[in-house]
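What follows is a set of notes on a single structure, which appears directly below.
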Amino acid sequence: MTTILIISGVILSIFATLIGVIIYYRTAYNNTKNKLQDEQHKSQALEKELTNAKTATEIKNHNATISDDAIDEQLHKQEYFRD
């Protein structure tokens, strides 16, 4: 009878250890997954910010190089008149 109790105790302790290991690795996996998602969101935000900065620079450069004739033409198309 004591042998059965010892064997069942060993089996239960092995089972508890396995459950503990599974919980530990699942938690570590979820933490790593969350960190990866955070980094991806940061990367996407930085990429969008870089794209916006490039677009703003292009617009600024384009606006700085528009000739007076082009401005007049645009004003006439929009039915505004330049003094």
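Let's see how each residue does on (1) among the hydrophobic types (A, V, I, L, M, F, W, C); (2) assigned to a helix (DSSP H, G or I); (3) modelled with pLDDT of 95 or more:
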position: Leu5; (1), (2), (3): yes, yes, no
position: Gly9; (1), (2), (3): no, yes, no
position: Thr32; (1), (2), (3): no, yes, yes
position: Leu36; (1), (2), (3): yes, yes, yes
position: Gln44; (1), (2), (3): no, yes, yes
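Whenever a residue of the range 19-30 is on the phi > 0 side of the Ramachandran plot, it has no partner that is assigned to a helix (DSSP H, G or I) and of a type in the set (Asp, Glu) lying with C-beta atoms less than 7 angstrom away and at least six residues away or across chains.
The values are calculated or read from the model by the stated rules, or taken from the named source; none is laboratory data. Since we're looking at a predicted model, the values are computed, not measured. FYI the Cβ positions are ideal-geometry reconstructions off the backbone, even for glycines, and counts take in every protein chain you see.
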